[in-house]
Amino acid sequence: MARYTGPTGRLSRRAGTNLFLKGSRSIGPKSAIIRKPYPPGQHGQARHRRPSEYGQQLREKQKVKAMYGILEHQFRRYYEAAARGKSNTGEKLLQLLETRLDNIVYRLGLADSRRQARQYVTHGHVKLDGKKATIPSMQVSPKQTVELVTITREPVTNTELPAWVQRTGKQLKGELIEVPSREDIPIEIEEKLIVEFYSR
C-alpha cells in the first residue's frame, strides 16, 4: 500500500503548524517546527505573499492528508463518501478519518503517533473485537473494542483522551464510545476549505 515515507518534519514546516507526526518528539525542543519555524527548501526563509484562495484550500487539504497519513486517491474517496450523506460534509469527512482503526489506536494512547499506530495495525499487533485486524483504514463503530497485543508498553499518558474514546484502566485496550461531533475533534483545521477545494 502506498504511503508517504519522506521526512515528517518537513510536512509540519510546510503546513506552518505542528502536525504532531513524531509523537513525543513533536512537542519537545527537537521538534522541526520549533527548530526551523519556516517552510522547507532554499527559499523557506524568504518573505512570502499571502496565498490565494485556491492556495489556502490546497494547503488545508494537504495538511489533513499529512496529519492522517493518507494519499490523494484515498482522501478523495473519503470526501466523496462524506459528500453523499445528508449531514455536514466537512464534519462527516473528519468523522470518517477519526474513526479509522489506526487513528483510534492513536487516540486511545496505545501509540505515540498515527504512523506508529498504522505500523502496529499492519504488523498484526491490533485486535478489533477480539479478532486480528491488519487494515489501518478499517472503520471502527461505537462500542467496538480495540486492543494492542503482543507488544509490552505503557499507554501514552501525557495527553488527555478525547471524550469519545475510553481506555480500560492501564490496559492496552479501549473502545470507541460514540462517533465524535466536530466540537469534540481536537484538531485545528478549517474543513470548509477542503469542501470548497473539491467543489470547484
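For the stretch 112-123, 3J(HN,Hα) computed residue by residue from phi via the Karplus equation (6.51, -1.76, 1.60; θ = phi - 60°) reads 6, 8, 5, 5, 5, 4, 4, 5, 4, 5, 5, 8 Hz, glycine and proline entered as x.
Please sort 74-84, 177-187, 104-114 by packing, taking for each peptide the average over its residues of neighbouring beta carbons within 10 angstrom, highest first. Please report the intermediate quantities before stating the final value.
On the way: 74-84: 15.8, 177-187: 13.7, 104-114: 24.1.
Highest to lowest by the protection proxy: 104-114, 74-84, 177-187.
Out of Val121, Leu172, Leu110, whose Cα points farthest toward the positive end of the dipole of the stretch 100-178 (charges: +1 Lys, Arg; -1 Asp, Glu; placed on Cβ)? Result: Val121, furthest along the dipole toward the positive end.
For the stretch 100-178, the calculated P(r), taken from all Cα-Cα distances in 10 Å bins from zero up to the bin holding the longest distance, is 22, 62, 16 percent. Distant-in-sequence amide contacts of Val179, defined by a placed amide H-H separation under 5 Å and a gap of 5 or more residues or a different chain, comprise nothing. Scalar couplings 3J(HN,Hα) for the stretch 80-92, obtained by applying the Karplus form with A = 6.51, B = -1.76, C = 1.60 to θ = phi - 60°, are 4, 5, 5, 6, 6, x, 8, 7, 4, 4, x, 5, 5 Hz; x denotes Gly and Pro. Pairs spanning more than 30 Å between alpha-carbon atoms, out of Lys61/Lys173; Lys61/Lys86; Lys86/Lys132; Lys61/Lys131: Lys61/Lys173; Lys86/Lys132; Lys61/Lys131.
Would you mind giving the three semi-axes, in whole Å and largest first, of the ellipsoid equivalent to the stretch 143-199 according to its Cα gyration tensor? Write out the running numbers ahead of the final one.
Values: eigenvalues 176, 32, 28 Å².
Over the Cα atoms of the stretch 143-199, the semi-axes work out to 30, 13, 12 Å.
Where the only charges are on Cβ atoms (+1 Lys, Arg; -1 Asp, Glu), what is the dipole of the stretch 100-178 about its Cα centre, to the nearest 20 debye? Present the calculation step by step, with values, prior to reporting the outcome.
Details: 13 positive and 8 negative charges, 42 e Å.
Computed about the Cα centre, the dipole is about 200 debye.
Kirkwood hydrodynamic radius computed over the stretch 51-123 comes to 13.2 Å, based on all pairs of distinct alpha carbons. In the stretch 100-178, Cα pairs under 8 Å separated by at least six residues give a relative contact order of 33 percent. Exposure proxy for Glu98, Glu147: other Cβ atoms within 10 Å of each Cβ, ordered fewest to most, give Glu147, Glu98.
Laboratory data are not the source of any read-out in this text; all were calculated from the coordinates shown. What you see is a predicted model, and the numbers here were worked out from it, not measured in a lab. Positions of Cβ are backbone-derived with ideal geometry, glycine not excepted, and every protein chain shown enters the neighbour counts.
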